[in-house]
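The values are calculated or read from the model by the stated rules, or taken from the named source; none is laboratory data. Just so it is clear, the structure is predicted and the values come from calculations on it, not from any experiment. A quick note on method: Cβ atoms are made from the backbone with ideal geometry, for glycine too, and the neighbour counts reach across all protein chains shown.
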Ligand SMILES: [Fe+2]
């Protein structure tokens, strides 16, 4: 799991961009010794592709080391892309839809495709949004975001505490977000659901 220090670093980088906080296991799954992995069929090459990181894999050290970035980008995010492409290939009625089309309207998709689109389209969308928000040497929020944080949470540290708390108490691994609703209201959101604590 991510250490508290690392999560705090994630928060500091993410919150300052008004973005999201990702939590979850960082270790790749391993097979028992002697168990060979069957070669999976090659996933469809598209229509969705893994976006390149907008910085070097080691650019965020020491908060994120290069190994962590490779794991989350090359393994986790790539898996979401592959699985989403597989879902689209298996359901021709999804052909031609954009990622936003799929994610926003997932509940109206054919039932057999919903879970795959929600999980993998969501993972692809969340990671794609998140990577560019990370960086070193960030500054405090400004403008509309700063006003919204002050109005809703009082202070930036108070907001950071709330976002950290939301992220630390998702069930399993997931995300915490500060989102602006179509109504103009701002809401702290977390997926999956909150654990008891
Ligand atoms: Fe990830």
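With the structure loaded, tell me whether residue 174 is more than 25 Å from residue 60 (Cα to Cα) and within 16 Å of the ligand (Cβ to nearest atom) or whether it fails that test. No, not satisfied. With the condition kept exactly as written, say whether any residue in region 94-109 is surrounded by 14 or more Cβ atoms within 10 Å (Cβ to Cβ) and within 16 Å of the ligand (Cβ to nearest atom). No; the residues of region 94-109 include none that is surrounded by 14 or more Cβ atoms within 10 Å (Cβ to Cβ) and within 16 Å of the ligand (Cβ to nearest atom). When you look at residue 139, is it surrounded by fewer than 13 Cβ atoms within 10 Å (Cβ to Cβ) and more than 29 Å from residue 75 (Cβ to Cβ), yes or no? Against the criterion (surrounded by fewer than 13 Cβ atoms within 10 Å (Cβ to Cβ) and more than 29 Å from residue 75 (Cβ to Cβ)), residue 139 qualifies.
Of the helices (runs of 4 or more DSSP H) that lie entirely inside region 40-135, those containing 3 or more residues that are under 13 Å from the mean Cα position of the chain (by Cα), closer than 26 Å to residue 179 by Cβ and at pLDDT below 95 span 122-130. Has region 146-159 got at least one residue that is more than 13 Å from the ligand (Cβ to nearest atom), within 20 Å of the chain's Cα centre (by Cα) and either more than 20 Å from residue 191 (Cβ to Cβ) or surrounded by 15 or more Cβ atoms within 10 Å (Cβ to Cβ) (or both)? Scanning region 146-159, I find at least one residue that is more than 13 Å from the ligand (Cβ to nearest atom), within 20 Å of the chain's Cα centre (by Cα) and either more than 20 Å from residue 191 (Cβ to Cβ) or surrounded by 15 or more Cβ atoms within 10 Å (Cβ to Cβ) (or both), so the answer is yes. Contact annotation: residue pairs with Cβ atoms under 7 Å, 6 or more positions apart or on different chains, pairing a residue in region 185-197 that is assigned to a loop (DSSP other than H, G, I, E, B) with a partner that is loosely packed, with under 11 Cβ neighbours inside 10 Å and modelled with pLDDT of 80 or more, are 192/172.
Can you list residue pairs whose Cβ atoms sit under 7 Å apart, with the first residue in region 53-79 being over 24 Å from residue 122 (Cβ atoms) and more than 16 Å from the ligand (Cβ to nearest atom) and the second being assigned to a helix (DSSP H, G or I) and at pLDDT 95 or above? Count only pairs 6 or more apart in sequence or on different chains. Filtered contacts from region 53-79: 58/66. All told, residue 167 meets the bar of being surrounded by 11 or more Cβ atoms within 10 Å (Cβ to Cβ) and within 16 Å of the ligand (Cβ to nearest atom). Scan region 72-106 for residues that are over 30 Å from residue 57 (Cα atoms) and touching a helix residue (DSSP H, G or I) at 6+ places or on another chain (Cβ under 7 Å) and the total you get is 4. If you check 166, 158 for being modelled with pLDDT under 95 and outside any loop (DSSP other than H, G, I, E, B), only one passes: 166.
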